[in-house]
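See below for the structure under consideration.
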2 protein chains.
Amino acid sequence: MTISPESTRVGFIGLGIMGQSMAGHLQKAGYELHVYNRTRSKADALLQGGAQWHDTPGEVAASSDVVITMVGYPADVEDVYLGSDGIIDNAAAGSYLIDMTTSEPSLAVRIAEAAAAKGLHSLDAPVSGGDVGAKNAKLSIMVGGSEADFAVVRPLLDIMGENIRLQGGPGAGQHTKMCNQIVVAGNMLAVAEGLTYARKSGLDPEEVLKSIGTGAAQSFLLNGLGPKMIAGDFAPGFFVHHFIKDMTIALKEAEAMGAELPGLRTAKGLYEKVAGEGASEDGTQALIKAYD
Amino acid sequence: MTISPESTRVGFIGLGIMGQSMAGHLQKAGYELHVYNRTRSKADALLQGGAQWHDTPGEVAASSDVVITMVGYPADVEDVYLGSDGIIDNAAAGSYLIDMTTSEPSLAVRIAEAAAAKGLHSLDAPVSGGDVGAKNAKLSIMVGGSEADFAVVRPLLDIMGENIRLQGGPGAGQHTKMCNQIVVAGNMLAVAEGLTYARKSGLDPEEVLKSIGTGAAQSFLLNGLGPKMIAGDFAPGFFVHHFIKDMTIALKEAEAMGAELPGLRTAKGLYEKVAGEGASEDGTQALIKAYD
């Protein structure tokens, strides 16, 4: 199969903050879109742009040559792929399935096996870069699957991201994303604790950021979310509850490998604390609330 | 006082990895240097360049208009400034004293008080950017002291760094450096744990770095020390034992402020573990050994 706007119908399931931007780029590139989302109103802009609505993931799959999913939790991924009215049961043989949700590596392997048994091609391809990366089509995309399948879907991934790498067989994309989230968790701890010290020691945290944002402490998150922590701006780019989901997967996988990751465990505990105190729908910068 | 290579004699005490580079920049800029170091051989290059050797910190101070110190531990700072044959007792009234060691904020305050009592001007001005920043004169310099004193010594700081900020009164430079080191500690945890997961999950850590080094996980340390962790290259840019010193100060100060910083505490514990197993003179990337 050769993918092109002229010949390829693309299904997109999951139109949250990230999914809306990503699907929008495909639509702008000229692809015929078939969409489904739990909350239909989130599809409005895409439908106005010509996308076709379907009532179930299975209907999307039946109308598409490539199906992309960007849903919330592993349970949603399982439901959308393996459930009744799901993708696997309804996609035509030869279709390509790309799960871009951050989900469990072991589930990616199960989906790949179920897909192969039906003559379908499946890849796991979670992303990093957040809402801003999705909006600007600058996502990093970490892919697990076969080299042949990766080569086929590459033109679609190129429209949504810019650092796109096959990391290994089924599940390798998810494992790579877990590495990413483990680093993010530690970096968030770092930013929250550094700024907490700044505040408590009587310094001006904004001035501190200007000093420490250019040297060895520099990170995407220090300079991106540090100012929001200082300003008390907790508007979500990436939800606390989604990040807890990711850390839960990473910690479970790490335990299964016999890896003890105390930094990740500490971050997860603090995020669960702030979520329990009402910050679940905040952005991840709400970690600073754990230090009040 | 107006500082210039023609009129200003600069004392430099502490010629380790950082100090040698920093003093070298001042020498290249034309300043007459007066130096002391515990191990004399580390002064060889500067002496060949025309610097004058002295046998004690006090002798350096007596021969200098500005004295810069870049020693190891707070105990060294205390000794060099407040000890017998020290700077405070031997500097001529009106001299400027700049401690660029990472040291205790409370000690910086004590030195500032002792200096003021003798008509000396003192600033704390620790740096970030590591050996590479020192070599390339791209250090971030965080200063505590008076605005007037900061303005006077600024020409010297400009020769050694490029992000130079007065953060407040005496001790504010050290407090800002503590913020920096707290962020560094979390970021190091992050890198070590992300790469440990990569290795244990069977991924190629170098490929993982290429995927995660551009998105939300991006940091100076991920891209700078991650490759060294993967390669098992533990040559020191910044010593483990110096970093433990910094984290010990930060944790003690945080406790005094009533701030609980579990990420910092976790990082310090892991560093103490690898130091106890022989990595004390390694670079800080040796944290990865804690996860073997």
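The values are calculated or read from the model by the stated rules, or taken from the named source; none is laboratory data. Remember, it's a predicted structure, so these values are computed and weren't measured experimentally. When we count neighbours, we look across all protein chains shown, and the Cβ atoms used for this are built from the backbone with ideal geometry, even at glycine. Protein only, heavy atoms only, side chains kept; ligands, DNA and RNA dropped before computing areas. Shrake-Rupley method; radii C 1.70, N 1.55, O 1.52, S 1.80 Å.
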(message) Any residue that is under 23 Å from the mean Cα position of the chain (by Cα) and part of a helix (DSSP H, G or I) - is there at least one of those in the stretch B:194-202?
(response) no
(request) With respect to A:ARG199, determine if the residue is open to solvent by 60 Å² or more (accessible area, probe 1.4 Å) and closer than 24 Å to B:TYR271 by Cα. (result) no
(request) Would you be able to tell me the number of residues in the stretch B:57-80 that are more than 13 Å from B:GLY16 (Cβ to Cβ), among the charged types (D, E, K, R) and part of a helix (DSSP H, G or I)? (result) 3
(message) Checking the conditions here, which among B:SER64, B:SER84, B:SER95 is modelled with pLDDT under 95 and hydroxyl-bearing (Ser, Thr, Tyr)?
(response) B:SER84
(request) Considering (1) in contact with a His (Cβ under 9 Å, 6 or more places away or on another chain); (2) within 14 Å of chain A (Cβ to nearest Cβ), say which one B:VAL152 fails and leave the rest. (result) (2)
(request) Quick one: in the stretch B:116-144, of everything that is surrounded by 16 or more Cβ atoms within 10 Å (Cβ to Cβ) and of a type in the set (S, T, N, Q), which residue is nearest to the chain's Cα centre (by Cα)? (result) B:SER128
(message) Exactly one condition in (1) more than 7 Å from every other protein chain (Cβ to nearest Cβ); (2) modelled with pLDDT of 95 or more is false for A:GLY237; which is it?
(response) (2)
(request) Output the residues belonging to the stretch B:1-36 that are open to solvent by 20 Å² or more (accessible area, probe 1.4 Å) and either in a loop (DSSP other than H, G, I, E, B) or of a type in the set (A, V, I, L, M, F, W, C) (or both). (result) B:MET1, B:THR2, B:SER4, B:PRO5, B:GLU6, B:SER7, B:GLY16, B:ILE17, B:MET18, B:ALA29, B:GLY30
(message) Step by step: first the residues of the stretch B:52-80, then only those that are hydrophobic (A, V, I, L, M, F, W, C) and open to solvent by 20 Å² or more (accessible area, probe 1.4 Å), then the one that is farthest from B:LEU26 (Cα to Cα). Which residue is that?
(response) B:ALA75
(request) Out of the residues in the stretch B:115-134 that are aliphatic (A, V, I, L, M) and assigned to a strand (DSSP E or B), state the one that is nearest to B:GLY72 (Cα to Cα). (result) B:VAL127
(request) Just name the residue that is farthest from A:GLY213 (Cα to Cα) out of those in the stretch B:184-200 that are facing chain A (nearest Cβ under 7 Å) and of a type outside the set (A, V, I, L, M). (result) B:LYS200
(request) Please name all residue pairs, on different chains or six or more residues apart, with Cβ atoms under 7 Å, provided the first residue is in the stretch B:241-267 and is more than 12 Å from B:LYS177 (Cβ to Cβ) and the second residue is assigned to a helix (DSSP H, G or I) and of a type in the set (Asp, Glu). (result) B:ILE244/B:GLU272; B:LEU261/A:GLU193; B:GLY263/A:GLU193; B:LEU264/A:GLU193
(request) Would you please name the residue that is least open to solvent (accessible area, probe 1.4 Å), looking only at residues in the stretch A:97-114 that are among the acidic types (Asp, Glu) and either closer than 13 Å to A:GLY14 by Cβ or assigned to a helix (DSSP H, G or I) (or both)? (result) A:ASP99
(message) Out of A:VAL274, A:VAL191, A:VAL183, I need the residue that is among the hydrophobic types (A, V, I, L, M, F, W, C) and farther than 17 Å from B:LEU221 by Cα. Which one?
(response) A:VAL274
(request) Scan the stretch B:255-292 for residues that are assigned to a helix (DSSP H, G or I) and open to solvent by less than 20 Å² (accessible area, probe 1.4 Å) and jot them down. (result) B:GLY263, B:LEU264, B:ALA267, B:TYR271, B:VAL274, B:ALA279, B:THR284, B:GLN285, B:ALA286, B:LEU287, B:ALA290, B:TYR291
(message) Need the failing condition index for A:LYS268 against (1) within 7 Å of chain B (Cβ to nearest Cβ); (2) within 30 Å of A:ALA108 (Cα to Cα), just the number.
(response) (1)
(message) Restricting to the stretch B:46-56, count the residues that are part of a helix (DSSP H, G or I) and in contact with a helix residue (DSSP H, G or I) (Cβ under 7 Å, 6 or more places away or on another chain).
(response) 1
(request) Could you check, for the stretch B:162-183, whether at least one of its residues is touching a residue at least 24 places away in the same chain (Cβ under 8 Å), among the β-branched types (Val, Ile, Thr) and at the interface with chain A (Cβ under 7 Å from one of its Cβ atoms)? (result) yes
(request) Collect the residues in the stretch A:237-292 that are of a type in the set (Lys, Arg) and under 24 Å from B:ASP292 (Cα atoms), keeping them in residue-number order. (result) A:LYS252, A:ARG265, A:LYS268
(request) Filter the stretch A:211-254 down to residues that are part of a loop (DSSP other than H, G, I, E, B), of a type in the set (A, V, I, L, M, F, W, C) and open to solvent by 40 Å² or more (accessible area, probe 1.4 Å), then give me how many there are. (result) 3
